[in-house]
Amino acid sequence: QTLLAEILKRVSKQSLSDFMQAKVFGPLGMTNTVFKEELNQDLSNLAIAYRETDSGFRKVISNYANAGPTNLYSSVSDLAKWELNLASSNPVVGNAVIFSKLNQVATLSDGSNKDLGFGRLTMGQQLLHNERGLLNIYQTGNLGGYTSSIFKFIDEPFTVIVLSNAGVPYTGYLGMQSAYQYLSNKFKAS
């Protein structure tokens with residue numbers, strides 16, 4: 001991702017943030033999404049990250065300046081626009097055929113694919129998992145006090161996005177609890 005970001009900057013002669021704003025975020029109406037490329041770059045409308053300690057919560061100061069694999073700041077409403085574009089048969093940005101391929105399970109050179117125990121890796125670097133009879137594609141991450149989880153249920157028009165700035169290592173359980181409520185009549189009994 002770092003190499004891809006560098007290639008993109010050199011070919012476009014723009015910063016990663018400017019390129020993504022012009023080609024992706026702007027066309028999708030993602031007004032609260034940006035790549036932070038400088039350590040001292042001020043971001044308006046940013047939820048500050050915190051981490052719980054024995055003496056309470058303390059602010060987490062990010063010292064990451066590697067835009068591409070890190071430093072993408074967004075909101076739930078903007079990520080919903082991103083997800084709707086990915087699910088569209090006629091996307092504003094990108095190509096539905098390529099998006100479909102990103103959801104396919106990655107295949108090894110011997111034709112097999114590896115189940116990691118919590119899902120099979122897809123070509124889009126997400127995990128495909130069967131949750132009580134419903135296929136979902138999910139991705140989670142955390143860095144510097146921020147945590148994110150996105151669960152897309154393939155056969156249902158349902159996606160859950162959870163963002164946190166409380167320093168918790170995983171928020172997926174919150175997304176799955178929402179899915180259990182919304183899709184309660186679709187899940188198989190465990």
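The values are calculated or read from the model by the stated rules, or taken from the named source; none is laboratory data. Computed from a prediction, not measured in an experiment: that's the story for all the values here. Counting neighbours? That spans all protein chains shown, and the Cβs are built from the backbone with ideal geometry, glycine included.
Can you tell me which residues in the stretch 99-142 are of a type in the set (D, E, K, R) and more than 24 Å from TYR180 (Cα to Cα)?
LYS101, ASP110, LYS114, listed by residue number.
Exactly one of these conditions fails for GLY141: (1) within 25 Å of TYR73 (Cα to Cα); (2) touching a residue at least 12 places away in the same chain (Cβ under 8 Å). Give me its number.
Against the list (1) within 25 Å of TYR73 (Cα to Cα); (2) touching a residue at least 12 places away in the same chain (Cβ under 8 Å), GLY141 comes up short only on (2).
Select from the stretch 169-178 the residues that are buried (at least 16 other Cβ atoms within 10 Å of the Cβ) and either in contact with a Phe, Trp or Tyr (Cβ under 6 Å, 6 or more places away or on another chain) or without any contact (Cβ under 8 Å) to a residue 24 or more places away in the chain (or both) and list them in ascending order.
Within the stretch 169-178, GLY175 is the sole residue that qualifies.
Does PHE158 satisfy the criteria of being buried (at least 17 other Cβ atoms within 10 Å of the Cβ) and farther than 24 Å from SER17 by Cβ? Talk me through it step by step, then tell me what you get.
Numbers: buried (at least 17 other Cβ atoms within 10 Å of the Cβ): no; farther than 24 Å from SER17 by Cβ: yes.
Answer is no for this residue.
Of all the residues that make up the stretch 102-120, how many are surrounded by 12 or more Cβ atoms within 10 Å (Cβ to Cβ) and either out of contact with any Leu (no Cβ under 7 Å at 6 or more places or on another chain) or over 26 Å from ASN85 (Cα atoms) (or both)? If you could, list the steps in order and put the result at the bottom.
Let us first name the residues in the stretch 102-120 that are surrounded by 12 or more Cβ atoms within 10 Å (Cβ to Cβ), namely 102-107, 113, 115, 119-120.
This time we only want the ones that are either out of contact with any Leu (no Cβ under 7 Å at 6 or more places or on another chain) or over 26 Å from ASN85 (Cα atoms) (or both), so: 102-104, 107, 113, 115.
The total comes to 6.
If you check ILE154, ILE150, which single one turns out to be among the β-branched types (Val, Ile, Thr), in contact with a strand residue (DSSP E or B) (Cβ under 7 Å, 6 or more places away or on another chain) and within 27 Å of THR53 (Cα to Cα)? Spell out how you get there, then give the answer.
Working: ILE154 fails: within 27 Å of THR53 (Cα to Cα).
Answer to the check: ILE150.
Which of the following residues is at pLDDT 90 or above, in contact with a Lys or Arg (Cβ under 9 Å, 6 or more places away or on another chain) and of a type in the set (Val, Ile, Thr): VAL97, VAL160?
Numbers: VAL97 fails: in contact with a Lys or Arg (Cβ under 9 Å, 6 or more places away or on another chain).
When all the criteria are applied, what remains is VAL160.
For a quick check of your reading of the model, give me the residue pairs whose first member lies in the stretch 109-128 and is touching a residue at least 60 places away in the same chain (Cβ under 8 Å), whose second is hydrophobic (A, V, I, L, M, F, W, C) and surrounded by fewer than 18 Cβ atoms within 10 Å (Cβ to Cβ), with beta-carbon atoms closer than 8 Å and at least 6 apart or on different chains.
none
Give me a count of the residues in the stretch 105-151 that are in contact with a Gly (Cβ under 6 Å, 6 or more places away or on another chain) and either aliphatic (A, V, I, L, M) or within 21 Å of SER164 (Cα to Cα) (or both).
Our first condition is that a residue be in contact with a Gly (Cβ under 6 Å, 6 or more places away or on another chain); within the stretch 105-151, this holds for 127-129, 140, 145, 148-149, 151.
Add one more test, that the residue is either aliphatic (A, V, I, L, M) or within 21 Å of SER164 (Cα to Cα) (or both), and what stays is 127-128, 140, 145, 148-149, 151.
Of the residues in that region, 7 qualify.
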